[in-house]
Each structure stands twice: as C-alpha cells, then as structure tokens.
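Notes follow the structure.
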Amino acid sequence: MAASQSTILVVEDEPFIRLILIEALQDEGYRVLAASNVLEAIGHIARHARIDGLVTDVDLPGGLSGLDLLELFSNCRPDAARIVVSGRGDLTQEALPVAGRIFAKPYSLDNVIAELDDQIRAKGTVLPSRRMRS
C-alpha cells in the first residue's frame, strides 16, 4: 500500500449497496476494507493499524448497531473520518454518540466521498491520488 493511500472501512449488511460503495471508493483511489456486521468490522480494526475512515450503516445484524461501532471506532481511531448512513428517517446528527456525519438512504455516492475527502483532509491525512476518468 502506498503511504498516501487512505484506507476506509465500509460496514453495510446489504451486499449490493456494500459492493457499489466499495467500487465507488476504489475508483476514487481509496483502499477499502469491507464488513457486513459489527463483529467483522472489529476484526478489521484489530488487524489493521491504519484505517483513515469509517462508513457504516446504522441497522446491522448481530445485536450491535452501527452507532455502537461508531463509538468504539472513535475510541480506537479518534482522528479518523466517520460517516453513518441510515434508512431511518428519525436519526439526526444530534443522535450520534460521537462526531460524524449522517447521510440518509438513498444517498449520493459523490456526497459521501466528498465528505470523506473533507474529513480526511481536515485531519491532515494525504488523500488518495485520483484515477483519471474517461
């Protein structure tokens, strides 16, 4: 992995949504780790010293939610970018247990990626070099 390539952990239980998000992030030059639930995500967090950002769904299988993961991730990686996506209309920014940004489903991939870029840039991490689009 190049030193400047940022790593994003994507946690989404819907395979199709997870795949689309992974591909979009990879197209933008990010290295992506993927999980379908909180326990898989915790495994990635334990195994990878560098994770620059988290994109997690709120409602996940297995008894722990994306909000639980967000809080744990924030404690382990306080300088990382944090984005929460949710199909629940009642979730507000104030409901987040730690700083982060909420996007309602369906969300714009461009907006999620722009927010990741902004948060990573604000933390002083080098953004991935972009691939040229044809």
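Computed with a 1.4 Å probe over protein heavy atoms only, the accessible surface of the chain comes to 51 Å² per residue. Backbone geometry of the stretch 49-61 corresponds, through the Karplus equation with coefficients 6.51, -1.76 and 1.60 at θ = phi - 60°, to 3J(HN,Hα) couplings of 5, 10, 10, 8, x, 10, 10, 10, 6, 7, 8, 10, x Hz, x marking Gly and Pro. The length gained on full extension between Asn111 and Gln93, counted as 0.36 nm times the residue separation minus their Cα-Cα distance, comes to 4.9 nm. Each residue of the stretch 27-43 was assigned a 3J(HN,Hα) from its phi angle through the Karplus curve 6.51 cos²θ - 1.76 cosθ + 1.60 (θ = phi - 60°); the sequence is 4, 8, x, 7, 8, 10, 10, 10, 9, 9, 7, 5, 5, 4, 4, 4, x Hz, with glycine and proline shown as x.
Tell me whether the stretch 1-113 comes out rounded, prolate or oblate; compute the Cα gyration tensor, take square roots of the eigenvalues as a ≥ b ≥ c, and use a/c under 1.5 as the rounded threshold. Numbers along the way, then the final one.
Numbers: a/c = 1.42, a/b = 1.19, b/c = 1.19.
Rounded, since a/c falls under 1.5.
Over the stretch 1-67, the alpha carbon radius of gyration divided by the compact-protein estimate 2.2 N^0.38 Å works out to 1.07.
In percent, rounded to a whole number, the relative contact order of the stretch 1-80 is 34, using alpha-carbon pairs under 8 Å and six or more apart. Averaging the sequence gap over all C-alpha pairs within less than 8 Å and six or more residues apart, then dividing by the number of residues, gives the chain a relative contact order of 27 percent.
Computing the accessible area with a 1.4 Å probe over protein heavy atoms, can you report the carbon and sulfur percentage for the stretch 7-116? Could the numbers behind the result be given before it?
Details: 2600 of 4940 Å².
Carbon and sulfur atoms account for 53 percent of the accessible area of the stretch 7-116.
Between Arg101 and Arg82, Ile83, Val84, the built amide H atoms are under 5 Å apart, and every one of these is 5 or more places off in sequence or on another chain. Just so you know, the Cα atoms of the stretch 58-122 work out to an Rg and Dmax of 11.8, 33 Å.
The values are calculated or read from the model by the stated rules, or taken from the named source; none is laboratory data. Keep in mind it's a predicted model, so treat the numbers as computed, not measured. What goes into the accessible areas is simple: the full protein's heavy atoms, side chains included, and nothing from ligands, DNA or RNA. Shrake-Rupley method; radii C 1.70, N 1.55, O 1.52, S 1.80 Å.
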